[in-house]
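Every read-out reported here was derived from the displayed coordinates using simple, explicitly stated rules and does not represent laboratory data. If you're wondering where the values come from, they're calculated on a predicted model, not measured in any experiment. No Cβ is skipped: glycine too gets one built from the backbone with ideal geometry, and neighbour counts run over all protein chains shown.
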Amino acid sequence: MFYGRNSEIAALNKMYSEDKFHCVIIYGRRRVGKTYMITHFLQDKPNVYFAAEEYNHKILLDKFSTQILSKFPSQYINGFDSFEKAILYLSEHSKSQRLILVIDEFQYWAYQNKGIISTLQNLIDHYLKDTKMFLILCGSYISFMENEILGYKSPLYGRRTAQFKIEPFNFFDAALFFPQYSPEEKFLAYSVLGGIPQYLRCFSQEKTIKENIIDMILNKNAFLHEEPYFLLKQELKEPAIYFSLIEAIAKGASKYNDISTKIGLDCGFYLNSLIELQILQKEIPVGEKKNSRKSIYKIKDNLFKFWFRFLSDAKPLIEQELYNEVYDNMIEPFLSQYAGSIFEEVCIQYLKKQNGKKILPFTFFEIGRWWGTNKIKKFEEEIDILAIDNKSNALIGECKWRNEKVDIGSVRNLIEKGSLLPYENKYYVLFSKSGFTDAVTAFVKNHPEMLCFELNQILA
């Protein structure tokens with residue numbers, strides 16, 4: 001089944017209906033579902049789809065020719081001796097009728113033929129813009145697509161008519177993969193797999209979370225077992241350094257200097273590469289400047305987060321195929337603690353959805369976490385959620401992934417944390433896995449500045 005990407009598909013179909021030339025750039029990290037989305041869009045539409053691979057230019061051109069001539073055969077042509085002639089051949093077929101041309105993993109061809117981007121520019125300017133061709137260039141190397149295709153210095157700058165950066169699914173779209181799961185099971189699946197569609201399809205809702213983790217991650221023959229390593233090896237030149245860096249963060253190093261010390265070299269370049277791949281993220285307390293010394297680094301991709309948290313230390317047992325022992329002794333006792341930080345992320349996603357509907361006390365412009373010094377108690381304080389506008393409003397939140405109901409003490413603690421912040425109008429929000437005590441419910445009824453949400457409400 002096809003899940004999510006509704007806005008992207010709607011936008012593509014709208015452009016397709018305009019019956020004029022379009023050049024659309026689609027990009028995003030590997031396994032995020034770009035090709036799956038494009039394939040869905042192509043249904044029942046005349047198209048030529050070509051997936052470039054790591055061959056030289058001659059082989060790529062031969063394969064491209066074969067694909068074109070399978071759709072538009074000619075008794076006079078057996079192949080094309082240049083990329084330009086291949087595109088011109090297709091342009092003749094798109095003068096009077098709609099034709100979608102997709103070149104997937106375009107970066108592979110561009111690496112083999114440095115002039116192909118300039119050739120496309122020339123073709124668009126002199127031939128294609130007067131046709132009904134719908135050209136899609138798709139790529140997995142985010143920096144290449146943003147700099148070499150979309151960037152100001154690119155020959156294609158100004159020729160694109162739209163671009164789509166395909167992001168991993170949020171929790172709500174990821175949950176659609178598991179309609180039979182309970183809200184808690186949906187959340188746990190997301191906390192392990194994140195929002196990468198190819199990963200989500202690996203779990204079966206006919207199995208428990210434990211069974212899925214054992215069968216699809218712990219099992220040393222499973223697709224996801226070595227996925228972090230294979231992905232780093234495929235995308236980056238020095239996978240061992242990146243592996244060490246991610247492990248350092250997973251084991252508690254979060255500041256730039258601490259990470260560099262841990263791996264024994266300056267980590268700036270490597271951190272930026274992993275942020276670009278959406279494996280890591282740089283986090284800054286809400287309200288702080290981008291160059292704040294308080295900034296930290298954390299693992300963004302949930303599968304990487306889970307893998308480095310639990311599997312890296314379990315290798316000896318995994319090699320012996322003692323999978324149940326690994327789960328029972330090394331994962332299950334710590335799974336709730338692990339899921340807690342991801343629950344914060346999901347709660348932020350929920351508030352963003354509510355913010356878009358304009359049903360919160362105010363419309364916030366920035367949301368995230370906050371941390372800083374409690375000058376009264378003389379220690380570092382953390383706030384799970386802080387959302388602010390550019391005026392004087394703040395929404396201060398706390399997220400409780402616990403099996404017991406949130407009590408009135410948590411309400412008082414949240415208000416106390418709010419006193420550290422200098423905003424004129426303060427609102428509060430509590431999220432709970434297991435609900436709230438009667439005392440909290442009664443308090444909320446009499447205090448409209450306090451909001452409460454349970455996990456079931458988030459998914460409703």
Practice problem: Please list, in chain and number order, the residues 5+ apart from I136 or on another chain whose amide H is under 5 Å from its amide H, with Hs placed from the backbone. | Solution: V24, L101, V102, I103
Quiz item: How far, in nm, would the chain grow between K315 and N78 when pulled straight, counting 0.36 nm per residue and subtracting the alpha carbon separation?
Solution: 80.0 nm
Quiz prompt | Listed peptides 300-307, 48-55, 439-446 by packing density, highest first (mean Cβ within 10 Å) | solution = 300-307, 48-55, 439-446
Quiz prompt | Largest-first principal axis extents, alpha carbons of the chain, Å | solution = 82, 56, 46
Practice problem: Write out the trypsin sites (Lys or Arg not before Pro) in the stretch 123-181 meeting two conditions: DSSP loop, and at most 16 other Cβ atoms within 10 Å of their Cβ. | Solution: K153
Exercise. Work out how far the C-alpha atoms of the stretch 172-341 reach from end to end along every principal axis, then list the three figures in whole Å, largest first.
Key: 47, 38, 30
Quiz item: A253: net charge of surrounding residues, Cβ under 12 Å, Lys/Arg +1, Asp/Glu -1, itself excluded?
Solution: +2
Quiz prompt | Where chymotrypsin sites (Phe, Trp or Tyr not before Pro) fall in DSSP loop in the stretch 123-185, at most 16 other Cβ within 10 Å | solution = Y152, Y157
Quiz prompt | Prolate/oblate/rounded call for the stretch 356-457, Cα gyration tensor, a/c under 1.5 rounded | solution = oblate
Self-check item: Debye intensity ratio in log₁₀ form over the Cα atoms of the stretch 6-165, taken at each q of 0.09, 0.15, 0.18 Å⁻¹
Solution: -0.26, -0.77, -1.18
Exercise. Measure out, as a whole number of angstrom, how far apart the alpha-carbon centroids of the stretch 309-366 and the stretch 78-98 sit.
Key: 49
Quiz item: Restricting attention to the stretch 296-346, which GluC sites (Glu not before Pro) occupy a DSSP loop and are surrounded by at most 13 other Cβ atoms within 10 Å?
Solution: E321
Quiz item: Where does the chain land at 222 nm, in deg cm²/dmol rounded to the nearest 500, when only DSSP H runs of n ≥ 4 count, each adding -39500 (n - 2.57), divided by all residues?
Solution: -12000 deg cm²/dmol
Practice problem: Specify the inter-centroid distance of the stretch 380-410 and the stretch 134-208, based on alpha-carbon positions, in whole Å. | Solution: 29
Practice problem: Could you list which residues have their amide H under 5 Å from that of N47, counting only those 5 or more apart in sequence or on another chain, with H placed in the peptide plane? | Solution: I100
Self-check item: Span-like helix ranges in the chain, DSSP H, alpha carbon extent 24 angstrom or more, Kyte mean at least 1.0
Solution: none
Self-check item: DSSP-defined antiparallel bridges as percent of all bridges, the chain, nearest 5
Solution: 30
